[in-house]
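Since the structure comes first, as structure tokens, the remarks are kept for the end.
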Amino acid sequence: MIPTIFSHPDRQPQKFRPFKAFQHFRKLIADKEDTEQVFHIFENLPRKGFMDDARAFVTSDFGRKLMELSLIHI
């Protein structure tokens, strides 16, 4: 299996910034179609175990099955 890189090695760790996340949350509430704000919210509310959980999911049988190429049979 090819190793999956989740983050560039030079990328700085994200900081916990709840007030910045709240600003993006308010923008999302104002315009519910602006779903880009969800990404900003999660970037500003990082969780320490996320990378470990993501890696465990991708290497699990279920995660590998989800990532398999799936073509519709005609």
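The values are calculated or read from the model by the stated rules, or taken from the named source; none is laboratory data. The structure displayed is predicted, hence computed values, not measured ones. Cβ: placed from backbone, ideal geometry, glycine included. Neighbour counts: every protein chain shown.
Among the residues of the stretch 37-57 satisfying the criterion of being surrounded by fewer than 12 Cβ atoms within 10 Å (Cβ to Cβ) and touching a helix residue (DSSP H, G or I) at 6+ places or on another chain (Cβ under 9 Å), which is modelled with the highest pLDDT?
Filtering first and then ranking leaves 39.
Would a scan of the stretch 25-35 turn up a residue that is closer than 21 Å to residue 6 by Cβ and either at pLDDT below 90 or not in a loop (DSSP other than H, G, I, E, B) (or both)?
Among the residues of the stretch 25-35, not one is closer than 21 Å to residue 6 by Cβ and either at pLDDT below 90 or not in a loop (DSSP other than H, G, I, E, B) (or both), which makes the answer no.
Given the conditions (1) in a loop (DSSP other than H, G, I, E, B); (2) in contact (Cβ under 8 Å) with a residue 12 or more places away in the chain; (3) surrounded by 11 or more Cβ atoms within 10 Å (Cβ to Cβ), which single one is not true for residue 15?
For residue 15, the exception is condition (3).
Please verify whether the stretch 40-53 includes one or more residues that are part of a loop (DSSP other than H, G, I, E, B) and of a type in the set (S, T, N, Q).
There is no residue in the stretch 40-53 that is part of a loop (DSSP other than H, G, I, E, B) and of a type in the set (S, T, N, Q).
For residues in the stretch 59-74 being part of a helix (DSSP H, G or I) and out of contact with any helix residue (DSSP H, G or I) (no Cβ under 6 Å at 6 or more places or on another chain), which is surrounded by the fewest Cβ atoms within 10 Å (Cβ to Cβ)?
Among them, the one singled out is 61.
Residue 56: in a helix (DSSP H, G or I), among the small types (Gly, Ala, Ser), out of contact with any Phe, Trp or Tyr (no Cβ under 7 Å at 6 or more places or on another chain) and in contact (Cβ under 8 Å) with a residue 12 or more places away in the chain, yes or no?
no
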